[in-house]
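One structure is given here, and the rest of the page talks about it.
The values are calculated or read from the model by the stated rules, or taken from the named source; none is laboratory data. Quick caveat, the model's predicted, so the values are computed rather than measured. Cβ placement follows ideal geometry from the backbone for every residue including glycine, while neighbour counts extend to all protein chains displayed.
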Amino acid sequence: MKELLNISILLTFILTFSCGQNSAEKKLNGKWYETDNPKIFWVFNSDKLEFIDEDNESVEWSATESKIEFIYRTYVWDSIGKTVDTEDKILIEYNLSKNEDTLMGTLTNSYGKHKFGLIRTE
């Protein structure tokens, strides 16, 4: 019986700490706007990244101290006008300011590399 209790405690401990965000992801939580287009907002949450623009998409995301990664679904039209659902892997290599209110870096997607920046709003 005591072994069963110890296993339950261990499983609870593992689930509690394995499902949370890492420290880099926690630093990014909140609402940000793009430096190139201040009408587009990015909202980092523990369970998703939301884009507040004309499409209002959300994706699962992960981050380290220098990289943000996610897959963005896009829809394109083929040569006969049929809609094709595609996935674009996004990698952002970034530096966060000392105040943790500005993020600058390079965004890489299927179209190439682009300078990229976000400013925290809250």
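Table for the structure above
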item: Filter result (aromatic (Phe, Trp, Tyr) and surrounded by 10 or more Cβ atoms within 10 Å (Cβ to Cβ)) within segment 73-97; result: Tyr94
item: Pairs where the first residue, in segment 98-122, is at positive phi and surrounded by fewer than 15 Cβ atoms within 10 Å (Cβ to Cβ) and the second is not aliphatic (A, V, I, L, M) and not in a strand (DSSP E or B), C-beta under 8 Å, 6+ apart; result: Glu100/Lys27
item: Some residue of segment 51-58 being of a type in the set (A, V, I, L, M, F, W, C) and surrounded by fewer than 15 Cβ atoms within 10 Å (Cβ to Cβ); result: no
item: Residue in segment 27-38 that is on the phi > 0 side of the Ramachandran plot, surrounded by 13 or more Cβ atoms within 10 Å (Cβ to Cβ) and at pLDDT 85 or above present; result: yes
item: Long-range neighbours under 7 Å by Cβ, at least six apart or interchain, first residue under 20 Å from Gly112 (Cβ atoms) and modelled with pLDDT of 90 or more within segment 73-91, second surrounded by 10 or more Cβ atoms within 10 Å (Cβ to Cβ) and of a type in the set (Phe, Trp, Tyr); result: Asp88/Tyr72; Ile90/Phe70; Ile90/Tyr72
